[in-house]
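Asker: First the structure, then my questions, so here it is.
The values are calculated or read from the model by the stated rules, or taken from the named source; none is laboratory data. The model shown is predicted, which means the values in this text are computed figures rather than measured ones. Cβ: placed from backbone, ideal geometry, glycine included. Neighbour counts: every protein chain shown.
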Amino acid sequence: MTTPRLTVAQLAHVMGGALPRGGGDAAVAGLQNDSRRLQAGEVFVAITTAAADGHDYAAHAQAAGAVAAVVTRVPDGVPGLPLVLVDDTRQALLRFAAWRVRGWSGRIVGITGSSGKSTTKEFTAELLAARYRVFRSPGNFNNTLGIPMALFDLRPEHEVAVLEMGMSSSGEIAALCAAAPPDVAVVTNVGSVHLEYFPSREALAAAKGEIVAGMKPDGVFVYNADDPPVRRLAASAGRPAVSFGQAEGADVRLVRWAVAADGRTEGTLRWRDRNIPVSLPMLGGHYLLNFAAAAAVALNLGLEPEAVAAAAAAIRPFTMRGELHELPGGVRLVDDAYNSNPEAMRSVLETLARWPHRPPTLIVAGEMRELGPESAALHREVGAQVARTGCRLLIGVQGQAEQMVAAAAAAGQAARFVPDAAAALAEVRRELAPGMLLLVKGSRGVGLDRLVRALRAGDSVEGRQP
């Protein structure tokens, strides 16, 4: 079954807009707010931010093959381009999302949290695919712009939609839930990320909690029993709830976990009186908790424990999330460069401490962003923990990572600070030796993914001494 053809005129009606130039018969192939990524046949949505006005890029979008543009005013330099004139392009996108969901009969799983959202989304989609036809929001399409654009690809045959719901201010998750109310709402944790945008952790927790208020009336709340702010959300939710975590009494409980000799993270989940073995091709105890959240969703939606275990065994590594690679000279690389925050950093360091017969270790840690006034102290805490891992060298990269390096050095750890990923790559090439373990982790803006790509492209460390 395919989605009926959507025309520009129908899109204008759904968005509450007008077509001052006509041209409504063209078919719409998708929605895009970035003119550089727009494909022929898509509609360009002009978004205004503090940094740029999307209307200034409408001509570029037309040249790239846009069939129309959603705008709040007539842009310059776009003769002949059909325009969908609306009062607010962001609200127009949310109206489209609400319309798309209203015309669909499946169930929505909404996932939010300070960290682990993307990985939990991927795990959840993989598990549910064992029984259902699953739609998942792609990449980081997780906000009031990304989710509506992603939902363009929602099809009638999809039975479950797994949506990552991110935010940087109060009201954003409420707006997403108004457009796409979850049948199952998941909060992975409330940590330090995004404190830059909130006056307190309590305010941050309240913003995450909008997903509970925004659920469907018969919705189920899946929550982290190890996280006090999330437990408080559950206690006040007044909704059916399923918990996950290591805490005694968690419905889906991680009862054991360890690191295998090859770096895989392994554990056992217990649900009711059943054990579910899990072995993940990635390094980090926090990934097991993300998987436990996904398992709680899957079990609630009717999967049997055996199906969860079978799906777990088939999971492939997710890009830049604890990925394990072999480099020349027997070097093991752990690529965890997708993002970083204090909670995940502490977890991966604890995981390193559990790795039996761990090789000599070099850690490249980028600064952790969006932490607000607590940033320096949180970086110092991580630096002190690095010193307790017994690694060979810590290389801190950019900005507040200098605080991490200072704290590690004060505790006796060999540590160096470098200003950017290029300088970090030079240090790694100088220090990496055969048989070593290299962990790379940092916020995406630091660009440590470029360091990983350079090393995987063939940089050799053969001949150096460990």
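Asker: Considering the range 193-206 alone, what residues qualify as being buried (at least 22 other Cβ atoms within 10 Å of the Cβ) and charged (D, E, K, R)?
Answerer: none
Asker: Here is a follow-up. Test V28 against the stated conditions and say whether it is surrounded by 21 or more Cβ atoms within 10 Å (Cβ to Cβ) and modelled with pLDDT of 95 or more. Spell out how you get there, then give the answer.
Answerer: On the way: surrounded by 21 or more Cβ atoms within 10 Å (Cβ to Cβ): no; modelled with pLDDT of 95 or more: yes.
Answer is no for this residue.
Asker: Please specify each residue of the range 43-65 satisfying the condition of being in a loop (DSSP other than H, G, I, E, B) and among the β-branched types (V, I, T). Quick ask: steps written out before the conclusion?
Answerer: Start the filter on the range 43-65 by keeping residues that are in a loop (DSSP other than H, G, I, E, B), which leaves 46-47, 49-52, 64-65.
I47, T49, listed by residue number.
Asker: Out of all the residues in the range 188-200, is one or more within 29 Å of A310 (Cβ to Cβ), touching a residue at least 60 places away in the same chain (Cβ under 8 Å) and under 18 Å from the mean Cα position of the chain (by Cα)?
Answerer: Narrowing the range 188-200 to residues within 29 Å of A310 (Cβ to Cβ): 188-189.
Within this subset, residues satisfying the condition of being touching a residue at least 60 places away in the same chain (Cβ under 8 Å) are 188-189.
Next cut, under 18 Å from the mean Cα position of the chain (by Cα) only: 188-189.
Yes.
Asker: Would you mind finding the one in V74, V70 that is within 29 Å of the chain's Cα centre (by Cα), more than 27 Å from L204 (Cβ to Cβ), outside the structural domain of D218 (by TED's automatic domain parsing) and of a type outside the set (S, T, N, Q)? If you could, list the steps in order and put the result at the bottom.
Answerer: Values: V74 fails: within 29 Å of the chain's Cα centre (by Cα).
Just one listed residue meets the conditions, V70.
Asker: Can you find, within the range 113-145, the residue that is surrounded by the fewest Cβ atoms within 10 Å (Cβ to Cβ) among those that are of a type in the set (G, A, S) and closer than 21 Å to L280 by Cα?
Answerer: First, the residues of the range 113-145 that are of a type in the set (G, A, S): 113-116, 118, 125, 129-130, 137, 139.
If we keep only those that are closer than 21 Å to L280 by Cα too, we end up with 115-116, 118, 125, 129-130, 139.
Details: S115: 24, G116: 28, S118: 20, A125: 20, A129: 16, A130: 15, G139: 11.
That would be G139.
Asker: In the range 248-339, which strands (runs of 3 or more DSSP E) lie fully inside it and hold 3 or more residues that are of a type in the set (D, E, K, R)? Quick ask: steps written out before the conclusion?
Answerer: Numbers: elements: 252-259, 265-271, 274-280, 323-327, 331-336.
Strands (runs of 3 or more DSSP E) meeting the threshold: 331-336.
Asker: Taking the range 403-447, which residues are touching a Gly at 6+ places or on another chain (Cβ under 9 Å), among the aliphatic types (A, V, I, L, M) and closer than 18 Å to Y338 by Cβ?
Answerer: A421, A424, V440, V446
Asker: Could I ask something else about it? Any chance you could count how many residues in the range 154-168 are out of contact with any helix residue (DSSP H, G or I) (no Cβ under 6 Å at 6 or more places or on another chain) and surrounded by fewer than 16 Cβ atoms within 10 Å (Cβ to Cβ)?
Answerer: Within the range 154-168, residues that are out of contact with any helix residue (DSSP H, G or I) (no Cβ under 6 Å at 6 or more places or on another chain) and surrounded by fewer than 16 Cβ atoms within 10 Å (Cβ to Cβ) number 3.
Asker: Here's something else I'd like to know. Across the range 152-178, what is the total count of residues that are more than 16 Å from V212 (Cα to Cα), assigned to a helix (DSSP H, G or I) and in contact with a Leu (Cβ under 9 Å, 6 or more places away or on another chain)?
Answerer: Looking only at that region, the number is 1.
Here is a yes/no grid of residues against (1) touching a Ser or Thr at 6+ places or on another chain (Cβ under 8 Å); (2) surrounded by 15 or more Cβ atoms within 10 Å (Cβ to Cβ); (3) aromatic (F, W, Y); (4) on the phi < 0 side of the Ramachandran plot:
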{"position": "A179", "(1), (2), (3), (4)": "no, yes, no, yes"}
{"position": "V186", "(1), (2), (3), (4)": "yes, yes, no, yes"}
{"position": "G191", "(1), (2), (3), (4)": "yes, yes, no, yes"}
{"position": "K208", "(1), (2), (3), (4)": "yes, yes, no, yes"}
{"position": "P217", "(1), (2), (3), (4)": "no, no, no, yes"}
{"position": "P240", "(1), (2), (3), (4)": "no, no, no, yes"}
{"position": "L254", "(1), (2), (3), (4)": "yes, yes, no, yes"}
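Asker: Also, I was wondering about something else. When the residues of the range 34-51 are filtered to those that are aliphatic (A, V, I, L, M) and at pLDDT 95 or above, which remaining residue is surrounded by the fewest Cβ atoms within 10 Å (Cβ to Cβ)?
Answerer: As a first pass, look at the range 34-51 and keep what is aliphatic (A, V, I, L, M): 38, 40, 43, 45-47, 50-51.
Among the residues that remain, those that are also at pLDDT 95 or above are: 38, 40, 43, 45-47.
Details: L38: 23, A40: 9, V43: 28, V45: 28, A46: 23, I47: 18.
The selected residue is A40.
Asker: Can you tell me which residue among S137, S114, S105 is within 21 Å of A180 (Cα to Cα) and either outside the structural domain of L204 (by TED's automatic domain parsing) or over 25 Å from the mean Cα position of the chain (by Cα) (or both)? Walk me through it before giving the result.
Answerer: Details: S137 fails: either outside the structural domain of L204 (by TED's automatic domain parsing) or over 25 Å from the mean Cα position of the chain (by Cα) (or both); S114 fails: either outside the structural domain of L204 (by TED's automatic domain parsing) or over 25 Å from the mean Cα position of the chain (by Cα) (or both).
Checking each option against the conditions leaves just S105.
Asker: Then there's this: Quick check: is even one residue across the range 73-83 out of contact with any Cys (no Cβ under 7 Å at 6 or more places or on another chain), in contact (Cβ under 8 Å) with a residue 40 or more places away in the chain, in a helix (DSSP H, G or I) and buried (at least 22 other Cβ atoms within 10 Å of the Cβ)?
Answerer: no
Asker: Here's a follow-up. Just one of (1) over 25 Å from the mean Cα position of the chain (by Cα); (2) over 21 Å from A387 (Cβ atoms); (3) not polar (S, T, N, Q) trips up W355, so point out which.
Answerer: It is condition (2) that W355 fails.
Asker: Related question: Confirm whether F152 is out of contact with any His (no Cβ under 9 Å at 6 or more places or on another chain) and free of Cβ contacts under 8 Å to residues at least 24 places away in the same chain.
Answerer: On the way: out of contact with any His (no Cβ under 9 Å at 6 or more places or on another chain): yes; free of Cβ contacts under 8 Å to residues at least 24 places away in the same chain: no.
No; evaluated as a whole, the condition is false for this residue.
Asker: What number of residues within the range 88-107 are crowded, with 24+ Cβ neighbours inside 10 Å and within 20 Å of A213 (Cα to Cα)?
Answerer: 1
Asker: Just give me the residues in the range 179-205 being assigned to a loop (DSSP other than H, G, I, E, B), modelled with pLDDT of 95 or more and more than 17 Å from P228 (Cβ to Cβ), in sequence order.
Answerer: A180, P181, P182, D183
Asker: For the structure I just gave you, tell me whether A9 is part of a helix (DSSP H, G or I), surrounded by 13 or more Cβ atoms within 10 Å (Cβ to Cβ) and not basic (K, R). So that I can check it myself, show each step before the final result.
Answerer: Values: part of a helix (DSSP H, G or I): yes; surrounded by 13 or more Cβ atoms within 10 Å (Cβ to Cβ): yes; not basic (K, R): yes.
Judged against the criteria, A9 is a match.
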